[in-house]
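Peer 1: Got a structure for you, written out below as structure tokens; questions coming shortly.
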Amino acid sequence: MSDKKSAPAAAASAPASAGGKSASRVIKKYPNRRLYDTDTSTYITLAEVRELVMAHHNVVVRDAKTGEDLTRSILLQIILEEEAGGAPMFTEAVLANLIRFYGHAMQGFMGAYLEKNVQAFTDVQAKLAEQSQSVTPEMWAQFMSLQSPMLKGMMGNYVEQSQTMLTQMQEQMQKQTEQMLGAFGLKR
């Protein structure tokens, strides 16, 4: 639960964003490692930051002294705790492969590839959840009999996007290899 002590008077409230969209939820991290939610004027735990993320709040974590953006660091800390919690999402092989992309010429592309694929998967999951709200037992029986074609159609965009991204990645790797060989005076 939240520690309801107030933070120093310097704590600012969340900035308004342009276009009428909801503002980011600003969390300040103090040197004592405590997190302060400027929206509710309370100290919160890392588990509560996780709950905000799960509730689709746009969270920004800033160092209270310097204003440095610590959001990625806090999100990675939440992922680390989730992975250590007993039901990890990533296998050791996946983690090792992710590490290998750091410093690699394809590092930036890999991030975009993962982001687009996770978003596509999330979109498919949302569509399934939306459609399942109006499912009757009869409809479920029909769904099961048509499972392959229906799922294939729903996953089609995801698969197509994934294939396109892979093709682009291969083309970019080929170009970079040719450039590198050309720099050494070698032709392919």
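Peer 1: At 0.36 nm per residue, minus the direct Cα-Cα distance, what do Lys127 and Ala93 gain on full extension? Give it in nm, one decimal, please.
Peer 2: 9.2 nm
Peer 1: Give me the distance in nm between label points sitting 7 Å out from Cα along the Cα-to-Cβ direction at Arg33 and Ile79, one decimal.
Peer 2: The modelled label-to-label distance comes out at 2.1 nm.
Peer 1: Be a star and scan segment 59-93 for residues whose amide nitrogen sits under 18 Å from the point 7 Å along the Cα-to-Cβ vector of Gln107.
Peer 2: Backbone N within reach: 72-73, 76.
Peer 1: Using a 1.4 angstrom probe on the protein heavy atoms only, line up Leu114, Leu35 by accessible area, largest first.
Peer 2: Result, largest first: Leu114, Leu35.
The values are calculated or read from the model by the stated rules, or taken from the named source; none is laboratory data. None of the values given here were measured: they were computed from a predicted structure. Cβ atoms come from the backbone with ideal geometry, glycine included; neighbour counts cover every protein chain shown. Calculation scope for accessible area: heavy atoms of the full protein, side chains included, ligands and nucleic acids excluded. Shrake-Rupley method; radii C 1.70, N 1.55, O 1.52, S 1.80 Å.
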